[in-house]
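Q: This is the structure I want to talk about, given as structure tokens.
The values are calculated or read from the model by the stated rules, or taken from the named source; none is laboratory data. Bear in mind the structure is a predicted one, so any value in this text is a computation, not a measurement. Backbone-built Cβ (ideal geometry, glycine too); neighbour counts: all protein chains shown.
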Amino acid sequence: MKNLNLIPINAAPWYELTNCLQKSYLSLLFDFCKIKKQEKLNQLDGIRYFEADRLELYIDKLNKFVGNPSIHVNNNCIYITRPWNSNSVINSLTIKLCELLKVPIQVFQTHIRTLLTTSSTDDYFIQLGILPANDNSSNDQITKLIGHDNLELFDRLQHLSSSYTPAQLLLAGLEAQNLSWTGYIYHYTHLENAVSILRDHTLKSRHFCQTNNFKDSSAYDFMSQTDDQVNHYVRFYFRPCTSTQLNNENLGSNKSKKRNNYTPICPVPIFFCINLRAILNIPNLKWKISIRDMSSQHTEYDCTMDIIKQFDFCGLFKDSDIKRCKQLEFLIENQLDFELLPNDAINLIFQDSDAKKSLESMLPEQIYNTEIKRNYFFGKNNRVFINHDSQQDHISVMINRETQRKDEIFIVQIKSNDNKQTIDLACKGSVYAIFHYDRITTVYGKEKQLDVFVGKQPYAVYYKYEQQLWLIYTNHNKPDFDDSHIKQHSEFIPYD
């Protein structure tokens with residue numbers, strides 16, 4: 001019916017559908033079904049997808065209500081209702097897409113439904129015989145898909161000039177993905193490292209960090225497998241929520257393997273989210289990108305046009321395809337000087353308010369934008385929680401799990417903020433030892449809940465495991481752990 005007016009309620013762009021219906025996948029299916037493809041595939045160019053709570057249709061001039069469809073096409077925009085993966089919506093959507101592609105519904109509807117709902121497109125293509133099932137050819141399969149993706153991508157970017165530089169092509173390919181994560185690079189580190197970075201106004205390579213009080217979340221094992229030359233680069237990912245992040249976020253994954261007697265953890269993770277275009281505008285910057293996971297042997301990394309054209313622009317953000325690499329990296333030689341960037345090019349992303357308050361306590365004058373964005377974190381691993389009472393006088397420190405790790409402890413250190421020689425103290429729970437020395441009270445607790453009265457005093461909470469001491473929370477600007485009580489009473493220190 002013509003002259004209809006659509007009113008979508010709470011509509012938002014639905015980028016996930018664009019990722020599911022990449023031309024490379026459809027092209028492989030068209031070949032499989034022996035369908036001439038180019039003109040049909042072009043039907044999808046320029047189409048945008050939106051998801052809404054409800055769709056309302058009215059006759060335009062009469063303003064007469066017509067109905068609430070589950071899907072509607074309006075000026076190259078496809079609107080669908082939430083939840084998109086309900087049977088009724090999926091059925092209507094797949095039929096509509098078959099009509100747009102001008103392919104037989106009875107032949108192609110199942111394929112489109114699978115592209116929208118499968119957890120692994122590769123597995124589906126292997127099942128159909130489009131891709132070989134031999135595990136040894138897995139890299140060849142991925143390379144083939146990347147080639148298809150990039151042919152389609154560069155075809156859409158016809159405005160690109162032959163004189164484009166590798167940096168310009170990298171930006172154009174990433175920005176074409178139309179996702180909120182694109183256009184930025186991400187460096188992920190523990191709270192104390194983040195403070196050091198901000199104080200120095202510099203992000204340094206691992207090689208340059210060796211002499212500093214650097215808290216290593218890789219547990220020394222991951223880096224030992226990586227080309228030593230890479231340690232001379234500052235390393236960024238092109239997105240949050242990578243497998244490395246899952247492995248060491250908070251107290252680490254239960255599935256992560258301990259090597260060299262260390263477990264990969266990052267108790268208070270913070271993201272530096274930096275505008276990529278601003279970085280590439282820095283004169284004479286020495287940068288490279290990887291086209292595979294940097295932990296793999298013989299991974300290529302460079303900034304040549306050939307490397308950029310092999311970059312997996314589409315698979316990088318396709319979470320449903322677990323075989324496509326999410327850990328492609330952007331590398332900067334030696335260090336990145338923040339003074340070379342505008343302040344609004346740098347954002348700090350926190351998991352929760354405690355992490356944000358801790359950093360702001362240590363660095364009260366913050367010149368960069370700070371935000372709490374929980375969708376940048378998996379939130380699946382065990383972590384240390386601190387519950388504060390309404391008056392901020394009492395804290396409860398705990399880990400959200402049943403099982404315990406051997407020899408892990410909490411430490412709460414309270415510093416007197418006046419000339420009193422002692423501090424009012426009350427505590428309960430799994431208390432192991434208490435020390436009063438030089439106007440500082442230090443409370444050691446075992447793995448279960450530890451409750452401590454901190455009053456209005458400056459204090460900090462630490463987590464100690466495998467000889468590493470990690471700052472978890474602080475309400476003041478000098479939370480460096482004071483170990484003077486250890487020198488005086490070393491025989492009473494637990495697990496030291």
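Q: Taking Tyr376, is it aromatic (Phe, Trp, Tyr) and either out of contact with any helix residue (DSSP H, G or I) (no Cβ under 6 Å at 6 or more places or on another chain) or in the same structural domain as Phe338 (by the TED database) (or both)? Let's see the steps before the verdict.
A: Details: aromatic (Phe, Trp, Tyr): yes; either out of contact with any helix residue (DSSP H, G or I) (no Cβ under 6 Å at 6 or more places or on another chain) or in the same structural domain as Phe338 (by the TED database) (or both): yes.
Answer is yes for this residue.
Q: Here's something else I'd like to know. From the list Arg259, Arg199, pick out the single residue that is assigned by the TED database to the domain that holds Ser361, surrounded by fewer than 22 Cβ atoms within 10 Å (Cβ to Cβ) and modelled with pLDDT of 80 or more.
A: Values: Arg259 fails: modelled with pLDDT of 80 or more.
Step by step, each of Arg259, Arg199 is checked, and only Arg199 is assigned by the TED database to the domain that holds Ser361, surrounded by fewer than 22 Cβ atoms within 10 Å (Cβ to Cβ) and modelled with pLDDT of 80 or more.
Q: Strands (runs of 3 or more DSSP E) wholly in the stretch 356-419 with at least 2 residues that are under 28 Å from Asp483 (Cα atoms) - which ones? I'd like the intermediate steps shown before the answer.
A: Working: elements: 369-372, 384-388, 394-399, 409-415.
Where strands (runs of 3 or more DSSP E) fall fully within the stretch 356-419 and carry at least 2 residues being under 28 Å from Asp483 (Cα atoms), they are 384-388, 394-399, 409-415.
Q: Also: Go through (1) farther than 15 Å from Gly315 by Cα; (2) at pLDDT 85 or above; (3) out of contact with any helix residue (DSSP H, G or I) (no Cβ under 7 Å at 6 or more places or on another chain) and name the single condition Gly147 misses.
A: The one condition Gly147 does not meet is (1).
Q: Considering only the stretch 404-447, how many residues are touching a helix residue (DSSP H, G or I) at 6+ places or on another chain (Cβ under 6 Å) and modelled with pLDDT under 90? So that I can check it myself, show each step before the final result.
A: Start the filter on the stretch 404-447 by keeping residues that are touching a helix residue (DSSP H, G or I) at 6+ places or on another chain (Cβ under 6 Å), which leaves 433, 435, 437-438, 442.
Among the residues that remain, those that are also modelled with pLDDT under 90 are: 437-438.
Residues flagged as touching a helix residue (DSSP H, G or I) at 6+ places or on another chain (Cβ under 6 Å) and modelled with pLDDT under 90 within the stretch 404-447 amount to 2.
Q: Only one residue in Asn381, Asn375, Asn369 is crowded, with 18+ Cβ neighbours inside 10 Å and of a type in the set (S, T, N, Q), so which one is that?
A: Numbers: Asn375 fails: crowded, with 18+ Cβ neighbours inside 10 Å; Asn369 fails: crowded, with 18+ Cβ neighbours inside 10 Å.
The conditions single out Asn381.
Q: Would you confirm, using the coordinates I've provided, whether Asn347 is in a strand (DSSP E or B) and either assigned by the TED database to the domain that holds Val443 or of a type in the set (S, T, N, Q) (or both)?
A: Working: in a strand (DSSP E or B): yes; either assigned by the TED database to the domain that holds Val443 or of a type in the set (S, T, N, Q) (or both): yes.
Against the criterion (in a strand (DSSP E or B) and either assigned by the TED database to the domain that holds Val443 or of a type in the set (S, T, N, Q) (or both)), Asn347 qualifies.
Q: If you go through the stretch 348-360 one residue at a time, how many are out of contact with any Leu (no Cβ under 9 Å at 6 or more places or on another chain) and either free of Cβ contacts under 8 Å to residues at least 60 places away in the same chain or surrounded by fewer than 18 Cβ atoms within 10 Å (Cβ to Cβ) (or both)?
A: Step one: filter the stretch 348-360 for residues out of contact with any Leu (no Cβ under 9 Å at 6 or more places or on another chain), giving 349, 351-354, 357, 360.
Those left that are additionally either free of Cβ contacts under 8 Å to residues at least 60 places away in the same chain or surrounded by fewer than 18 Cβ atoms within 10 Å (Cβ to Cβ) (or both): 352-353, 357, 360.
Summing the residues that are out of contact with any Leu (no Cβ under 9 Å at 6 or more places or on another chain) and either free of Cβ contacts under 8 Å to residues at least 60 places away in the same chain or surrounded by fewer than 18 Cβ atoms within 10 Å (Cβ to Cβ) (or both) in the stretch 348-360 gives 4.
Q: Out of the residues in the stretch 297-347 meeting the condition of being touching a Phe, Trp or Tyr at 6+ places or on another chain (Cβ under 7 Å) and among the polar types (S, T, N, Q), tell me which one is surrounded by the fewest Cβ atoms within 10 Å (Cβ to Cβ).
A: Asn343
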